[in-house]
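Please treat every number below as a calculation from the coordinates, not as lab data. Treat the numbers as computed from the prediction; the structure is a model and nothing was measured. Cβ placement follows ideal geometry from the backbone for every residue including glycine, while neighbour counts extend to all protein chains displayed.
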Amino acid sequence: MENEQRSTRTLGDPIVITDGVKKWFGDFQALKGVTATVREREVVVIIGPSGSGKSTYIRCINRLEAHQEGTIIVDGTELTNDIKNIEKIRSEVGMVFQQFNLFPHLTVLDNITLAPQWVRKQPKAETEEYAMELLERVGIPEQADKYPGQLSGGQQQRVAIARSLAMKPRIMLFDEPTSALDPEMIKEVLDVMKELAHGGMTMMVVTHEMGFAREVADRVMFFDYGTIVEEGTPEHFFTNPQHDRTKLFLSQIL
Amino acid sequence: MTVEVRQHQKTPLWRNATVLKWASQVFVLFMLLFLFGALGSRATDNFAQSDISFGWDWLSNPTGVQIREGIDTLPDSGARALTVGIINTMRVAISGIFVATLIGTIIGIARLSSNWIVNKLATVYIETIRNIPLLVQIFFWSALAVGLPSLTAEDVGTYWFKTSNRGFAFSWVFPDGGFWPWLVFIAVGFFVGRWLLRRRRQHQEDTGEPGHGGWYMAASILVFAVVGWFAWPVLSFMEPVLEAIEKFVANLPQIIVPIVIALGAIAASVWWIRGFFESRRTPAGFGKLTDDDWFRVVFAGFAGIAIAVVAFVIGEFTIKTVAGEVLSVAELAIVGVSNFFGWLGAKFNATDANTVIEGIRSGGPLVFERPQVILAGGAQIPQFGSSGMVLTVPFFAIWTGVTVYTASFIAEIVRGGILAVPKGQTEASMALGLKRSQYLRQIILPQAFRIILPPLGNQYLNLAKNTSLGIAVAFADIVAVGVTIVNQTGQSLPVVLVWMAFFLTVSLSISAVVNYYNRRMQLVER
């Protein structure tokens, strides 16, 4: 059943290419040369202990953090200091945060339509129609006129996903999307993410949800001390890990 | 096992928490009124024994007060003298609030700057200014200005800008004959501009094209201002209209005043009660009112009726005017409103205002004046003439003092407000591809403003109240003028009461404005 779901997706051309990416915070080196390629429609799950650089890595992909060495090419555009390129890539790459980061002074609908109106310059009616469609997809169309503060954590995170999708991104980044949620709300968010994956979205997901990784991921990357220690299919990764560090990590969380 | 339940019985009134709460409040209110009444009559008796009768005659009597600066330096009555002081205070407070907000915002943002020099300059400004007592700073500005060279006979002439130990004089634009009709044109331009702004916003929403609504609005105001500059005499038909209203009001019977006030008060209380009932209505139907709610309704109704009754009583009180007439309060109100329309009507007189007098009248809405140094009086002392804007040393000292001082606090409030918006808001905006200018305006500033507003209101209140320190440098504000009146008449208590009423009115007005915006900005949660 699980394999069947995965096999419905055929992977396309490389869309995110990172080569020897290094990043320092002061004296601390967070990334020590990360080389990896993500292909279209691929779902990559990134796991690892805290402080291993996995969040920093995906934040480099839309330049929330600037890398200092190596190259990052997203959708054919290299990330440099060029602001035009950065803004273009950010509008193609959606991101979902651990703390949701919804705009508390705007209604759910306005949260979703803001970027399409200001960045894509789309007519308001069109953006609202699409926003309602997205809210249907994440299962909370009735919350459109409420403010984020009136919603539960799970609902807020689903709005945050809808907000990113409203820009019709080609890649979605998830930075521990369920870590701030109660157990019963985790499922509703993961369900939305699974549906996205089946729809063929390219996804890079930092998470501790091993069930999600097993079921949905095409590839699992294990980060430690700023490098990819091991990567492979979930079957390989969970049943036959090669490195001692991976084995230790899995033994502690499974 | 059975649980013994105490028998339900109706709660007696003296154990009902709601009744107790309201009864105690009503009791305290009456006690307070009684206390003030007793103190008042006691004070009146004491004044009577010490040959100083507590009263308000000084308001209408000539007081012989001389004021150093203001709209009238030799006022003919106590009320007029206080008015001059009030206007001087308001000049400092209002312009001070605007400039302190501007400086404070710039310094606050500068302190967040990553530019080392800008950042440190802002820090030094804040840490120096807010840690020195305001009074000392006011003395400092005063000493600085007094240290400037004095005017000599050689200085006689016309200037763009001139400093001296008598104050600062600079070129300024003043309203002239056509000013009020011109304002009407600008107001029309504003409303047309707002209409255009809405249409452009709608266009932006419909098509996604940038609307540039702000530019349309600015252009509309500019066009009307330019047209009005030349076309303002066409509004002279307003003069006879306003004069007709003036006559109509003057001929109204005086009973109309308490009737209008009473109807207003009762309408207000009915409106409040209706709104209250509406607010208790839910989609499920009309909620049950608690005892507390009923008390509020009764209280609001009672307050409306009480104000109505008091209006009739006070309307009969008589007051002696400057001219020596004895008028009732109601008559005085009618005369006041009628005079207001007459005054307004005179502003639209085109023939008189249109006369060009060289150097005094421009024949237009505004006149530009440059300051002059002239030789005046029998002793031919060099001093500033009446044209241009002359800031006296006391005005400069108190204005600069309160503005610079308050700006340092506002800077910290602005900085704190911006820092208090979580970093995640910026990150989420950036991740969506919004430009810096876009997310600052749409996301960060609206949230920062919500945090900044309440403490900002406090700073405005402080600024308005701190203007009373002007007395230290002999600035002719309401406090200084009041002190002079007390010295002349011995009426200390009434003057202090006027001060209190004035500052209370100013502070409550500022609070009302701030609270209004605060309510509008509040976040909806749960």
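Spatially, region A:169-224 and region B:486-514 are offset by 65 Å when compared through their Cα centroids.
In chain B, helical runs assigned H by DSSP with n ≥ 4 each contribute -39500 (n - 2.57); averaged across all residues and rounded to the nearest 500, the mean residue ellipticity at 222 nm is -21500 deg cm²/dmol. Among the residues of B:432-442, the average count of other protein chain beta-carbon atoms within 10 Å of the residue beta-carbon is 6. Computed from the Cβ-Cβ distance with R0 of 25 Å, the FRET efficiency linking B:Leu39 to B:Ile266 stands at 0.20. For chain A, the longest principal axis of the C-alpha atoms and the axis of helix A:153-165 are separated by about 90°.
Indicate the gyration tensor shape class of region A:25-96 (rounded, prolate or oblate), computed on the Cα atoms with a ≥ b ≥ c the square roots of the eigenvalues: a/c under 1.5 is rounded; otherwise a/b larger than b/c is prolate and the rest oblate. Oblate, since a/c reaches 1.5 and b/c is not below a/b.
Region A:6-84 to region B:123-147: how many Å between their Cα centroids? So the two Cα centres are separated by 54 Å.
With the simple model of a label 7 Å out from the Cα in the direction of the Cβ, A:Phe25 to B:Glu316 spans 7.9 nm. Using +1 at the C-beta of Lys and Arg and -1 at the C-beta of Asp and Glu, which of B:Gly228, B:Ala512, A:Tyr225 has the Cα lying farthest in the positive direction of the dipole of the protein assembly as shown? Positive-end residue among those listed: B:Ala512. Toward the positive end of the charge dipole of chain A, with +1 on the Cβ of Lys and Arg and -1 on the Cβ of Asp and Glu, the farthest Cα among A:Met172, A:Leu31, A:Gly199 is that of A:Leu31.
In order along region B:106-123, the phi-based Karplus estimate (6.51 cos²θ - 1.76 cosθ + 1.60, θ = phi - 60°) of 3J(HN,Hα) comes to 4, 5, x, 5, 4, 6, 8, 5, 8, 6, 4, 5, 4, 4, 5, 4, 4, 4 Hz; Gly and Pro are listed as x.
Length available on full extension from B:Val298 to B:Val227: 0.36 nm per residue minus the Cα-Cα distance, which gives 20.1 nm.
What you get for region B:152-220, charging only the Cβ of Lys and Arg (+1) and of Asp and Glu (-1), is a dipole of about 240 debye around the Cα centre.
Listed by chain and number, the aspartates and glutamates placed with their C-alpha closer than 15 angstrom to that of A:Lys84 are A:Asp75, A:Glu92; residues fewer than eight positions away on the same chain are left out. On a 0 to 90 degree scale, rounded to 10, what angle separates helix A:108-118 from the longest Cα axis of chain A? So the helix axis and the longest Cα principal axis differ by about 80 degrees.
About the centre of its Cα atoms, the protein assembly as shown shows a dipole size close to 360 debye [charges on the beta carbon of Lys, Arg (+1) and Asp, Glu (-1) only; nearest 20 debye]. Just to be sure I understand: with springs between alpha-carbon atoms less than 10 Å apart, which residue in A:Glu184, A:Glu133, A:Glu231 has the highest mean-square fluctuation in the Gaussian network model of chain A? Judging by the Gaussian network model, the answer is A:Glu184. In this structure, the amide hydrogen of A:Ile15, modeled 1.01 Å from its nitrogen in the peptide plane, lies closer than 5 angstrom to those of A:Val38, A:Arg39, A:Glu40, counting only residues at least 5 positions away or on a different chain. The HN-Hα couplings worked out from phi for region B:481-496 by the Karplus form 6.51 cos²θ - 1.76 cosθ + 1.60 (θ = phi - 60°) are 4, x, 4, 4, 4, 4, 4, 7, 10, x, 8, 6, 4, x, 5, 4 Hz, whole numbers, x standing for Gly and Pro. Applying 1/(1 + (r/R0)^6) with R0 = 51 Å to the Cβ-Cβ distance of B:Trp116 and B:Lys288 gives a FRET efficiency near 0.20. Straight-line cross-link partners of B:Lys347 among the aspartates and glutamates, defined as a Cα under 15 Å from its Cα and at least 8 positions apart when in the same chain: B:Asp176, B:Glu239, B:Glu243, B:Glu246.
For A:Lys32, give me every one of the aspartates and glutamates with a C-alpha distance below 12 angstrom, ignoring sequence neighbours fewer than eight places off in its own chain. Straight-distance partners of A:Lys32: A:Asp19, A:Glu69, A:Asp224. Under 5 Å between amide hydrogens, built in the peptide plane, is the criterion, and for B:Val367 it picks out B:Phe174, B:Asp176 among residues at least 5 positions away or on other chains. Charges were assigned to the Cβ only: +1 to each Lys and Arg, -1 to each Asp and Glu. The resulting dipole of chain A about its Cα centre is roughly 480 debye. Near A:Gly70, the amide H atoms lying under 5 Å from its own belong to A:Lys22; only residues 5 or more places off or on other chains count, and H is placed 1.01 Å from N. With 0.36 nm allotted per residue and the present C-alpha distance subtracted, the B:Leu148-B:Gln438 stretch has 99.6 nm of extension available. Kindly provide the helix-only [θ] at 222 nm of chain A, computed as the sum of -39,500 (n - 2.57) over DSSP H runs of four or more divided by all residues, to the nearest 500 deg cm²/dmol? That comes out to -11500 deg cm²/dmol. Taking the centroid of alpha carbons for each part, region B:453-475 and region B:365-435 are 14 Å apart. Using only Cα atoms, tell me the angle between helix A:244-253 and the longest principal axis of chain A; keep it within 0 to 90° and round to the nearest 10. Long axis of A:244-253 versus the principal axis of chain A: about 50 degrees. Pairs exceeding 32 Å between alpha-carbon atoms, taken from A:Lys23/A:Lys124; B:Lys247/B:Lys465; A:Lys121/A:Lys146; A:Lys121/B:Lys423; A:Lys146/B:Lys120: A:Lys23/A:Lys124; B:Lys247/B:Lys465; A:Lys146/B:Lys120.
The Cα atoms of region B:180-360 give a gyration tensor whose axes a ≥ b ≥ c have a/c of 1.5 or more with a/b no greater than b/c, which makes the shape oblate.
Normalised by the number of residues in region B:180-360, the average gap of Cα pairs under 8 Å and 6 or more apart makes the relative contact order 28 percent.
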